[in-house]
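In what follows, a structure is listed as structure tokens, so that the remarks can point back to it.
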Amino acid sequence: MLVYGDPVAPQDARSKLKTLANRLLFVAAMSPGIERHALLVGEFIEAGELLQGMADARFAADGQDTVGTIKPDEWSFLLGLAAAVRISWQSSFVRLPTLLPVNLGWRLPEEILCKPAEGFAFYSLYPEGYLEAAGQSRLDGSVRVIGLRSIGVPLATMVATALGASAPVTLRPVGHPFRREFSMSDRYFEGLARGVAGIAIVDEGPGLSGSSMGGLADRLEDAGVQPGRLHFFPSHAGPPGAEALPRHRARWRQACRHVVDFDALALTAKNPAHRLANWVSDLTGPATDGLQDIGGGVWRARRYCDEAQWPAVNPQQERRKYLLQAGGRNWLLKFVGLGREGARKTAMARRLSEAGLIPEVAGYRHGFLVQQWLDLPEGSTLKRPNMAGLNSMARYLAFRAREFAFGKTGASLEQLWDMACHNVAEALGEPSARALRLRQPGLCRLERRKRPVATDNRMHVWEWLELHGGQLLKTDAVDHHAAHDLIGCQDIAWDLVGARVELDIDAESLGHMMEAESGLGADPQLLAAYMPCYLAFQIGMSVSAAQGCSGWPEEAARLDRQTARYAAMLRALIATGEP
């Protein structure tokens, strides 16, 4: 099934460097505390992204990684930022060394391709976790540290800083996602293991295959490096997924792995300053009870009286979220991303909250949006909106269409239809896919009519809170236009289609209500073009989630029922033109 995206954003390297320099001056002038530390980590991430883009530009020019993929002065700058993060973290956010000035005289390509780090944006992966893991590893500066791009550039720098090792090296995995390979000069490869006591391989993951870490380990072992000299710094302690090679599985069971996960880093940390509840105490007041983990679908127990009514979730893909009792109120702490991405989403949330469209926002602290949690009587999840609810929904969509037209775009209509035909062939069979292709409209013409905005992309019934009188508040409103999937920012018609499928609302009528609210309507032809794509994407998401729920049979059954519903609607659409 096709559901995931791999966005790569072109950026002006010189502008990115200047912005980084200015923001570091701002960080240096801040008062001590978690907010300064969070901004410092965010700029460390941005610097790592810049070096990643520069390294990939040189890789593209040379056709391989070489000794000069990242230059010594570039590594020195990133190592200086990593050292500052380390001092800030270990001093409970009190101390900050003098930050190295940014060398604006670097020779830069005009444009670099930056790949947002998924771990920092979606999966609550913190650089400080690698700092702690390295500190507990009992390794020292004699180790060669190798970071696998993209995210491996900043993470390897953090590991090298903690170990007192020399500047890392970085390699770009290439090829099929489940069978990664490496292209590097002979000199570069021969130098990886020469004169070092061990080799630390740093990356997030392992994912479905673990082939990035595993592929590099294969090559090193085949060249004579003893397995005992290899050390792995992953983001979690679990094994690679279902696509892993037997050799990689066997190695992983025996390998030296060094991990400090989020729970150990920020929930049960020995240092109180490092605990999430204390990061947010100035926003919420002192906690009166411990954090309650409501991720992985646990939140459903607070919204539904009967477990039989629970909607399906993907436990492995849900963002971290916690319930905190403090200051006489309940607060939701949800991970929305580190650094500038988290700050951007928080700014969106504030505007939505000020407009009365989502629950109250208290603020943001180092990756987590802090928001009021509403415990409403008799459950608070929408069943079917009345007229007040429809007006609320139209106002919400009109606000997004008017205020969040960022100019970014997600998958093109051609990409969406390719996904739809592929998923239909997988789920319903090739004859259905052929029938769908016959319905394909003129995509180039429609593409020019799209007006991309930061769409909600999650209009499901359980995503709404129904207040007294039927007014609606939206939950989970800032993530899904920038999620780890291929949809991204679309025309607001995508959300109208979502309302049609998930809430059985007439999409054109809701579009007319939205137009009366803001003057921005929806193109009926875009609605028609989006409908099969939306259904096929949801089928792909449900099937993929069910495949990862082998340990949760009840969840897999819910997902299977959800898949069947979308499939029935898609069959009807292909057969009759109406879902």
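The values are calculated or read from the model by the stated rules, or taken from the named source; none is laboratory data. Being a predicted model, the structure only gives us computed values, none of them experimental. Virtual Cβ from ideal backbone geometry, glycine too; neighbours counted across all protein chains shown.
Within the range 124-193, considering only helices (runs of 4 or more DSSP H) that don't extend past its boundaries, which have at least 1 residues that are at pLDDT 95 or above and either in contact with a strand residue (DSSP E or B) (Cβ under 7 Å, 6 or more places away or on another chain) or surrounded by fewer than 16 Cβ atoms within 10 Å (Cβ to Cβ) (or both)? Before you say what the answer is, go through the steps one by one.
Values: elements: 127-136, 152-163, 186-193.
Hits in the range 124-193: 127-136, 152-163.
Within the range 545-579, take every residue that is acidic (Asp, Glu) and assigned to a helix (DSSP H, G or I) and give me the one that is nearest to VAL501 (Cα to Cα).
Within the range 545-579, the subset acidic (Asp, Glu) is 554-555, 560, 578.
Next, only the ones that are assigned to a helix (DSSP H, G or I) stay: 554-555, 560.
Details: GLU554: 24, GLU555: 21, ASP560: 17 Å.
Among those residues, the one meeting the criterion is ASP560.
Run down LEU155, LEU148 and say which single residue is in the same structural domain as PHE232 (by TED's automatic domain parsing), under 17 Å from THR69 (Cβ atoms), touching a Phe, Trp or Tyr at 6+ places or on another chain (Cβ under 6 Å) and of a type outside the set (Gly, Ala, Ser).
Working: LEU148 fails: touching a Phe, Trp or Tyr at 6+ places or on another chain (Cβ under 6 Å).
Answer to the selection: LEU155.
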Checklist entry - What is the number of the single condition among (1) part of a helix (DSSP H, G or I); (2) under 22 Å from MET393 (Cα atoms) that MET541 does not meet? => result (2)
Checklist entry - Is there a residue being assigned by TED's automatic domain parsing to the domain that holds ALA61, closer than 17 Å to PHE59 by Cα and of a type in the set (A, V, I, L, M) anywhere in the range 117-137? => result no
Checklist entry - Among (1) in contact with a Phe, Trp or Tyr (Cβ under 9 Å, 6 or more places away or on another chain); (2) within 20 Å of LEU171 (Cα to Cα); (3) buried (at least 16 other Cβ atoms within 10 Å of the Cβ), where does ILE34 come up short? => result (2)
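Would the range 92-109 turn up any residue that is modelled with pLDDT of 95 or more, under 21 Å from GLU35 (Cβ atoms), surrounded by fewer than 16 Cβ atoms within 10 Å (Cβ to Cβ) and of a type in the set (Gly, Ala, Ser)? I'd like the intermediate steps shown before the answer.
At the first step, the residues of the range 92-109 found to be modelled with pLDDT of 95 or more are 92-97.
Add one more test, that the residue is under 21 Å from GLU35 (Cβ atoms), and what stays is 92-97.
Next, from what is left, pick out any that are surrounded by fewer than 16 Cβ atoms within 10 Å (Cβ to Cβ): 94-95, 97.
Narrowing the set further to residues that are of a type in the set (Gly, Ala, Ser) leaves none.
No, every residue in the range 92-109 fails to be modelled with pLDDT of 95 or more, under 21 Å from GLU35 (Cβ atoms), surrounded by fewer than 16 Cβ atoms within 10 Å (Cβ to Cβ) and of a type in the set (Gly, Ala, Ser).
For the range 181-214, give me the residue count where each residue is over 24 Å from the mean Cα position of the chain (by Cα) and closer than 30 Å to CYS549 by Cα.
The number of residues fulfilling the criteria is 1.
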Item to check | So GLN316, is it within 23 Å of ALA545 (Cα to Cα) and free of Cβ contacts under 8 Å to residues at least 24 places away in the same chain | outcome: no
Item to check | Conditions (1) closer than 24 Å to ARG138 by Cβ; (2) surrounded by fewer than 20 Cβ atoms within 10 Å (Cβ to Cβ); number of the one not met by ALA200 | outcome: (2)
Item to check | Pick from the range 407-423, criterion among the polar types (S, T, N, Q) and at pLDDT 95 or above, ranking: surrounded by the most Cβ atoms within 10 Å (Cβ to Cβ) | outcome: ASN423
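Residue check: is MET387 touching a Gly at 6+ places or on another chain (Cβ under 8 Å) and within 23 Å of HIS460 (Cα to Cα)?
On the way: touching a Gly at 6+ places or on another chain (Cβ under 8 Å): yes; within 23 Å of HIS460 (Cα to Cα): yes.
Against the criterion (touching a Gly at 6+ places or on another chain (Cβ under 8 Å) and within 23 Å of HIS460 (Cα to Cα)), MET387 qualifies.
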Next on the checklist: Taking the conditions exactly as written (over 18 Å from LEU526 (Cα atoms), without any contact (Cβ under 8 Å) to a residue 12 or more places away in the chain, assigned by TED's automatic domain parsing to the domain that holds ILE487 and not aromatic (Phe, Trp, Tyr)), does ARG434 satisfy them or not?
Outcome noted: yes
Checklist entry - In the range 327-364, which residue that is under 23 Å from GLY290 (Cα atoms) and among the small types (Gly, Ala, Ser) is nearest to the chain's Cα centre (by Cα)? => result GLY337
Item to check | Options GLY195, GLY191, GLY205: the member that is out of contact with any Cys (no Cβ under 9 Å at 6 or more places or on another chain) and under 25 Å from ILE45 (Cα atoms) | outcome: GLY205
Checklist entry - Using beta carbons and a limit of 6 Å, which pairs, at least six apart or on different chains, have the first residue in the range 196-222 and touching a residue at least 60 places away in the same chain (Cβ under 8 Å) and the second one polar (S, T, N, Q) and surrounded by fewer than 22 Cβ atoms within 10 Å (Cβ to Cβ)? => result none
